[in-house]
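Encoded as structure tokens, the structure appears first; notes follow it.
The values are calculated or read from the model by the stated rules, or taken from the named source; none is laboratory data. Keep in mind it's a predicted model, so treat the numbers as computed, not measured. Cβ placement follows ideal geometry from the backbone for every residue including glycine, while neighbour counts extend to all protein chains displayed. Only protein heavy atoms, including side chains, enter the accessible area calculation; ligands, DNA and RNA are left aside. Shrake-Rupley method; radii C 1.70, N 1.55, O 1.52, S 1.80 Å.
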Amino acid sequence: MLSLDEFKTSLTLPSPLIPFKPNWEGASKVSLYVKRDDAIHAVMSGNKWRKLSHALTSPLPNHVISFGGGFSNHLHALGFACYKLGIPFTAIIRGDYSAAPSPMIKDLMQWKTRIEYVNRITYKKRNDNTYLDELKLEFPNAIIIPEGGSQALALQGIKDMVDEIEVDFDFIVAPVASGATLAGIVNALNKRNSLMATDFRSRSKAIGIGVLKGEGYLEGLVEQFLPITNQANWHIDHSYHFGGYAKAPSELQTFCNDFNNTMEFEIEPVYSGKAFWAVKDMLAKSKFEDGSRIVVLHTGGLQGAR
């Protein structure tokens, strides 16, 4: 078991920001960078740590409960952190994988996670106050972290990521599924804009790449975390979900494989693959003005591709 300070010393923070020069049509007309949050830790990587960093603070909770699917990056990261920090963890998982545990669930079992499989009807109650109150009665000493780590505390962790970016940039691109990462980016940009009206970040905009079918729905997930006075410095592009969440047709798989064989870091088809595909396509279609400075956020999640 590690102390919180010992655990944090195992993380690579700030995460690297690297120039990115792919041989893509239009790439030579802009400046590209990748914020390598995937490099924070071999297991505890990407936006999952960012969204948990302000929830797992001293004093540490006595018990943690959270929700996810059978391949959840969130549950994987949270399970690892709880194991290392000596925090009892209960994972409520959609569907029964007891006969054939996924690689993620096998890791949770190794990390001594208490696993509760529930059907889809029960899982749909994960944000229902009555159901959550029942869990609080059953586990009175536990904190409950929403699916994907999407809660108000998550936004501060995402702001930490944005504040680490020291280069001048016009756009930051990130995949969107639960909404908290994009909301955190937008809030961080808005706060910078209000404090430094003439700073380069006053021109910065956020582009979310929807990784699931959810036009309107994803915007709602983001907006729930934004103030009413939110500036219009963001949007979600819904052109790159490839048919839905975790859908990965052969062309996307081939893109990811080619990318992984030629670039200095790897991507996967659920989140980062769709984001990088989108950037490649938008460059080819001249969606960015010449000279634009673009940061692509690598949110990790490679374990989900196992």
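Would you be able to tell me the number of residues in region 164-175 that are at pLDDT 95 or above and farther than 17 Å from residue 272 by Cβ?
Of the residues in that region, 2 qualify.
What single numbered condition from (1) over 30 Å from residue 264 (Cβ atoms); (2) open to solvent by 10 Å² or more (accessible area, probe 1.4 Å) fails to hold for residue 28?
(1)
Read through the list (1) open to solvent by 40 Å² or more (accessible area, probe 1.4 Å); (2) farther than 19 Å from residue 179 by Cα; (3) in contact with a Lys or Arg (Cβ under 9 Å, 6 or more places away or on another chain), then give the number of the only condition that residue 255 fails.
(1)
Residues to consider are 15, 45; find the one that is among the polar types (S, T, N, Q) and under 30 Å from residue 290 (Cβ atoms).
15
What pairs come up if the first residue lies in region 236-259 and is closer than 14 Å to residue 272 by Cα and in contact (Cβ under 8 Å) with a residue 12 or more places away in the chain, the second is of a type in the set (Phe, Trp, Tyr) and in a loop (DSSP other than H, G, I, E, B), and their beta carbons are under 7 Å apart, counting only those six or more places apart or on different chains?
248/242; 252/242
How many of the residues making up region 120-143 are touching a strand residue (DSSP E or B) at 6+ places or on another chain (Cβ under 8 Å) and farther than 20 Å from residue 44 by Cβ?
Final tally of qualifying residues: 9.
Residue 243: in contact with a Leu (Cβ under 9 Å, 6 or more places away or on another chain) and either open to solvent by 40 Å² or more (accessible area, probe 1.4 Å) or not basic (Lys, Arg) (or both), yes or no?
no
Assuming residue 96 fulfils every condition listed in (1) part of a loop (DSSP other than H, G, I, E, B); (2) among the charged types (D, E, K, R); (3) closer than 17 Å to residue 44 by Cα apart from one, which condition is it?
(3)
Tell me which residues, restricted to region 15-37, are in contact with a Lys or Arg (Cβ under 9 Å, 6 or more places away or on another chain) and either under 12 Å from residue 165 (Cβ atoms) or not in a loop (DSSP other than H, G, I, E, B) (or both).
Passing the criteria: 15, 16, 17, 18, 27, 28, 31, 32, 33, 37.
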